[in-house]
Amino acid sequence: MAEIVAGFGMPHNPGAPALAAREGPQGETARFYAEMAKHLEAVAPDVLLIFTDDHFNTFFLDNFPTFAIGIAEATAGPNDQTPMPRYKVAVPADLAAHIRAAAIAHGFDISLVQDFEVDHAVMVPLHFLMPDMRIPVLPIFINCLAPPLPSAARCLALGRAIRAAIAEWPQALRVAVIGSGSFSLEIGGPKIPLGNRAACTPDPQWSQHVQDLLTLVRIDELVAEATTDRMLRAGNIGGELLNWIALLGVIGARKPVSILPQNDHGQAFAAWRWN
């Protein structure tokens with residue numbers, strides 16, 4: 001039987017690899033990702049499942065699924081202009097097909113994508129966690145960017161359905177789960193101050209509030225507050241909180257062992273581990 005052994009939440013800023021290279025290993029970005037990598041190494045998973053959103057690189061508005069799962073032997077990326085190395089990583093196709101079938105049986109019309117690459121939302125975290133790409137990665141896409149977004153309750157339920165599917169997998173398998181994204185971020189939108197750069201953090205207080213609810217394990221309260229309107233008031237990328245909420249559906253109501261805030265960037269790093 002497969003088992004969930006850990007959960008991780010982290011951002012995927014496309015400038016992070018270059019920033020970490022400039023600042024060196026003592027810089028905050030490198031240190032925070034290294035902390036997550038340390039926890040990942042300790043739990044020694046066989047598979048990484050990552051909830052991610054696509055920034056119009058794998059999908060576009062003419063074909064933009066609410067939920068999709070990647071089923072292939074391998075994928076590669078980043079398939080955008082992120083300044084970082086290009087990687088190829090294995091995908092556990094049999095497990096992915098099993099999860100898709102189980103999710104459909106639980107009432108989720110989850111799309112299939114087979115010939116695909118992934119963008120920085122997947123590859124930036126992997127670049128820091130395991131640059132050797134030694135662990136197969138199963139990407140599950142959630143529409144966090146193009147309204148109408150799925151509800152937070154629906155994303156939590158998807159995570160729970162995936163948890164049940166993993167428990168039904170007959171082979172011994174250690175699975176770690178990642179939720180990739182920010183809580184408050186505006187890119188190229190009207191919330192950016194006039195004459196300022198191309199991105200900003202409109203609502204650092206919301207970022208801290210989300211982390212407070214995670215620390216207190218007040219998941220139902222977080223799901224109730226994370227309406228589309230509230231998330232998008234924190235920036236046009238604020239819907240990436242849904243990736244974290246799907247993660248919570250998989251790992252259950254647990255207290256994180258580590259939360260590292262970066263509220264000036266509207267994001268955080270978190271790890272959940274248990275015996």
Residue in the stretch 26-70 that is farthest from I187 (Cα to Cα), counting only those that are without any contact (Cβ under 8 Å) to a residue 24 or more places away in the chain and surrounded by fewer than 19 Cβ atoms within 10 Å (Cβ to Cβ): E41
Filter the stretch 197-208 down to residues that are surrounded by 17 or more Cβ atoms within 10 Å (Cβ to Cβ) and assigned to a helix (DSSP H, G or I) and give me whichever is nearest to the chain's Cα centre (by Cα). S207
Of the residues in the stretch 198-216, those that are more than 12 Å from A270 (Cβ to Cβ) and among the hydrophobic types (A, V, I, L, M, F, W, C) come to A198, A199, C200, W206, L216
List pairs: first in the stretch 131-153 and within 16 Å of W244 (Cα to Cα) and in contact (Cβ under 8 Å) with a residue 24 or more places away in the chain, second surrounded by fewer than 15 Cβ atoms within 10 Å (Cβ to Cβ) and of a type in the set (A, V, I, L, M), Cβ under 7 Å, 6+ apart or cross-chain? none
Where residues in the stretch 89-137 are outside any loop (DSSP other than H, G, I, E, B) and of a type in the set (D, E, K, R), which of them is surrounded by the most Cβ atoms within 10 Å (Cβ to Cβ)? R100
Return the residues of the stretch 52-73 that are of a type outside the set (F, W, Y) and not in a loop (DSSP other than H, G, I, E, B); say none if nothing qualifies. T52, N63, A68, I69, G70
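Let's see how each residue does on (1) surrounded by 16 or more Cβ atoms within 10 Å (Cβ to Cβ); (2) modelled with pLDDT of 95 or more; (3) of a type in the set (G, A, S); (4) in a helix (DSSP H, G or I):
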| position | (1), (2), (3), (4) |
| --- | --- |
| S184 | yes, yes, yes, no |
| P190 | no, no, no, no |
| G195 | no, no, yes, no |
| V210 | yes, yes, no, yes |
| L222 | yes, yes, no, yes |
| N243 | yes, yes, no, yes |
| P256 | yes, yes, no, no |
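The values are calculated or read from the model by the stated rules, or taken from the named source; none is laboratory data. All values reported here derive from a predicted model rather than from experimental measurement. Cβ atoms come from the backbone with ideal geometry, glycine included; neighbour counts cover every protein chain shown.
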